[in-house]
Amino acid sequence: MDPIRVGTTPMHQCSSCAGYWLTTDVFTALCMNREAQSTLASTFGTTAATLGSLRASDVRYRRCAACQKMMNRVNFGRVSGIVIDLCKGHGVWFDPGELRNVLAFVSSGGLERMQASEAEFRSLCRQARSFDQRVSPGVASDVRWQMRLTSDMDESPTLARLLETLLT
């Protein structure tokens, strides 16, 4: 891999596969620095490449450039659909087109949308726990949902047996 610098962003480029290696610190700083994102986007292109569907045979696990351990494949930002190779302690590997796609996702507000979705999910979980405590105050906290049969529900034998099976 050859060390290169795009603007103020240091990285390594693989001359044989056109992939890029960024250390964890550099990648984190890049995600927070709009100017550096803009510089890289102008170098790699501003529009995201079309995400094709991967076949199982296309998936390739990579070794970390620093520690040589197998890296984790993760969906960047949990919702982007861009699967990157990550070694939490050392860095991120980008196959051709992935860095451009990540930059497009970040610049379009993808990380902010993900954070808002997670905050909404945490709020819903708190509401569900609060509901559980009000409905069944003596139930252990790991029980997420309680269902109570009421007289206004369909009392057919089939539904009653199904519900009884599911609830016991």
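Every number in this text was worked out from the coordinates using simple rules, so none of it is lab data. What you see is a predicted model; the values in this text were computed from it and never measured. Backbone-built Cβ (ideal geometry, glycine too); neighbour counts: all protein chains shown.
Structure notes:
- Ascending count of other beta-carbon atoms within 10 Å, so fewest first, for Val59, Val106: Val59, Val106
- Fewest-first ranking of Thr23, Thr43, using other Cβ atoms within 10 Å as the exposure measure: Thr43, Thr23
- Taking the fewest neighbouring Cβ atoms within 10 Å as the starting point, the ordered list for Phe76, Phe44 is Phe44, Phe76.
- Fully extended contour minus Cα-Cα distance, from Gln127 to Ser107, at 0.36 nm per residue: 4.0 nm
- Fully extending the segment from Glu118 to Met32 would add 29.1 nm, taking 0.36 nm per residue of separation and subtracting the current Cα-Cα distance.
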